[in-house]
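Visitor: What follows is a single structure, and I will ask about it in a moment.
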Amino acid sequence: MKLTQVSVFLENKKGRLYDVCAALSAGKINIRALTVAESDNFGILRMVVDKPEATAALLKKKGFISNFTEIVAVEVGDKPGGLARVLKVINQNSLNVEYMYGFTEKLTDTALMVFRFDKPDAAIRILKKNGIGVVSRKEAGEL
């Protein structure tokens, strides 16, 4: 199952990350996972939230530029070699990982990782075929 990631473009200025998080808090939107990539002039905040559509509308109202991206969250064994097992399947099947980051939810004795693939549907089929759990929208808390 593909999840919806909200990417927000931020000026590299003091307080901008707070501004986004404060707006989401006021809007009662829960951040499930996030990562920030930065350069000299701007940053990209990537988030998995419980209400993607409401997030985009709220951020637009506050003057932020955002967009949606399809991502895949997978279960990774929470032990040495857990991530290597998943990455081996990805590598053996020539899937391209554009980026990845950790997910805050812990469903079982596995950790969760978010992957951005260039071909998410193919990635989901291959991961499931190889016994790697793919997280559903419901399990990720997305409404």
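Visitor: Being in contact with an Asp or Glu (Cβ under 8 Å, 6 or more places away or on another chain) and of a type in the set (Phe, Trp, Tyr) is true for just one of Phe42, Phe9. Which residue is that?
Guide: Phe42 is the lone residue from the list that is in contact with an Asp or Glu (Cβ under 8 Å, 6 or more places away or on another chain) and of a type in the set (Phe, Trp, Tyr).
Visitor: Across region 10-44, what is the total count of residues that are in a strand (DSSP E or B) and either at pLDDT 95 or above or β-branched (Val, Ile, Thr) (or both)?
Guide: The total comes to 4.
Visitor: Within region 106-114, can one find any residue that is touching a strand residue (DSSP E or B) at 6+ places or on another chain (Cβ under 6 Å), in contact (Cβ under 8 Å) with a residue 12 or more places away in the chain, of a type in the set (S, T, N, Q) and outside the structural domain of Arg32 (by TED's automatic domain parsing)?
Guide: Taking every residue of region 106-114 in turn, at least one turns out to be touching a strand residue (DSSP E or B) at 6+ places or on another chain (Cβ under 6 Å), in contact (Cβ under 8 Å) with a residue 12 or more places away in the chain, of a type in the set (S, T, N, Q) and outside the structural domain of Arg32 (by TED's automatic domain parsing).
Visitor: Something else: So which of Lys62, Lys88 ends up being closer than 30 Å to Ile126 by Cβ and over 19 Å from the mean Cα position of the chain (by Cα)?
Guide: Lys88
Visitor: A further question follows. Please determine, by comparing only the residues of region 1-50 that are touching a residue at least 12 places away in the same chain (Cβ under 8 Å) and among the hydroxyl-bearing types (Ser, Thr, Tyr), which one is surrounded by the fewest Cβ atoms within 10 Å (Cβ to Cβ).
Guide: Ranking the qualifying residues of region 1-50, first place goes to Ser39.
The values are calculated or read from the model by the stated rules, or taken from the named source; none is laboratory data. Note that the structure is a prediction, hence the values are computed from the model and not measured. No Cβ is skipped: glycine too gets one built from the backbone with ideal geometry, and neighbour counts run over all protein chains shown.
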